[in-house]
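Just below is one structure, and these are the notes that go with it.
No value in this document is a laboratory result; all are computed from the given coordinates. This one's a predicted model, so the numbers in the text were calculated from it and none came from an experiment. Using ideal geometry, Cβ is built from the backbone for each residue, glycine included, and neighbour counts are taken over all protein chains shown.
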Amino acid sequence: MNCQLLRFAMVLLCAFLFGQRSSHAAAIEWTDIRQLGLEGQGWRDTKAPFDRLPARAEGKVRDAVWSLSRHSAGMHVRFITDATNIHARWAVTSPNLAMPHMAATGVSGLDLYVKMEKGDWRWLAVGKPDKQTNNAALVSNLPPGRREYLLYLPLYNGTHFVEVGVPSGATLQKASLWGDTPRKPILFYGTSILHGACASRPGMVHSAILGRRFQFPHINLGFSGSGRMELEVADLLAELDPSVYVLDCLPNMDAKEVTERVEPFVRKLRAAHPTTPIVLVEDRSYADSFLVASKRERNDSSRAALKAAFDRLRQSGVKDLHYLKGANLLGDDGEGTVDSSHPNDLGFMRQADAHAAVLGPILRKLSR
């Protein structure tokens, strides 16, 4: 009898100790990503933590631009951890988690990459939103090791907060520089395409792809339907000091607007930054423009106006001005979009390749 009681007591003790160990193993320590160094944000004097324009822009830019600037498109954080499990908690500002032509993972989700031994980035996990406030185990049972990770924030929703969670006892710290020396960000300014429509997840926008490919920080100032080269936006962009300006607004501008606005916009940037490279990007070809004449004419007229403005700027002495043609931004097989205009992931990869042909020489020169 005493032996049976002893065995029973041992079983209870083992169960208690195992439960304690399991509870300890499951304990997660949470860190606000702002403590790890938020990237992709040009201004810190914002109305909310993850806005893309400063608070003083409200009332200065059009209401549509201001509202869209409150989306966290392009923002990201890099961190180093030896955790074998990585969790995330985040909340978005709008209950509209998805769009008819864009997945919730892109509109309102998180996207996690890991840096490989050779220095390249590889996709690892996605945070799938199912409500405004989410708690997810992004990845579990990783092999032991200290690695650098890159986490992208939602594209088409505002963000209240994001926290990274690792098991108690694991280390978590801010990552170092992108390169051997400090690198100023690539600044992209544009339309719904740059904003992220219609990437399946935040890391698949061409600006993010290019940031990983060239190991450069970047700022995404894409405003859906509202990338129109207004001078009040030029004033704001001129406040920043990027490595290069990429101006990609033609999908939102007709030929008349291009003729009126491109030159004053570029001159304002050039006056503030005499030597910073500026890239003018043509609009992508509508995927159905091979049969729909009105769309083909829309592409042709806006491109002709942009090229004329580019030539006038160059002839007037504006230096370090570059030009990216749009005919093959999405490829020529019609497979790169969801609706003839907005890229799918294939289209974004093709856009990144086309941009890389122009940006590559510029960035390599800057990073020497």
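Of the GluC sites (Glu not before Pro) in the stretch 243-289, which ones lie in a loop per DSSP and count no more than 10 other C-beta atoms within 10 Å?
Sparse-neighbourhood loop GluC sites (Glu not before Pro): none present.
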Checklist entry - For the chain, what is the convex hull volume of its Cα atoms per residue in Å³? => result 157
Checklist outcome for this item: Ordered by number, the GluC sites (Glu not before Pro) in the stretch 63-167 that occupy a DSSP loop and have at most 10 other Cβ atoms within 10 Å are E117
Item to check | Loop-resident sites, the stretch 224-319, for trypsin sites (Lys or Arg not before Pro), counting at most 11 other Cβ within 10 Å (DSSP) | outcome: K319
Checklist outcome for this item: When I193, I219 are ranked with the fewest other C-beta atoms within 10 Å first, the list becomes I219, I193
Checklist outcome for this item: If D130, D288 are placed from fewest to most neighbouring beta carbons inside 10 Å, the sequence is D130, D288
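Per-residue ellipticity at 222 nm for the chain, helices alone: DSSP H runs ≥ 4 residues times -39500 (n - 2.57), over residue total, nearest 500 deg cm²/dmol?
Here the helix-only value at 222 nm equals -10500 deg cm²/dmol.
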Checklist outcome for this item: Scalar couplings 3J(HN,Hα) for the stretch 90-105 by Karplus 6.51 cos²θ - 1.76 cosθ + 1.60 (θ = phi - 60°), nearest whole Hz, x for Gly and Pro, are 8, 9, 10, 7, 10, x, 7, 7, 9, 10, x, 10, 9, 5, 4, 4
Checklist entry - Can you put S94, S302 in order, fewest other beta carbons within 10 Å first? => result S94, S302
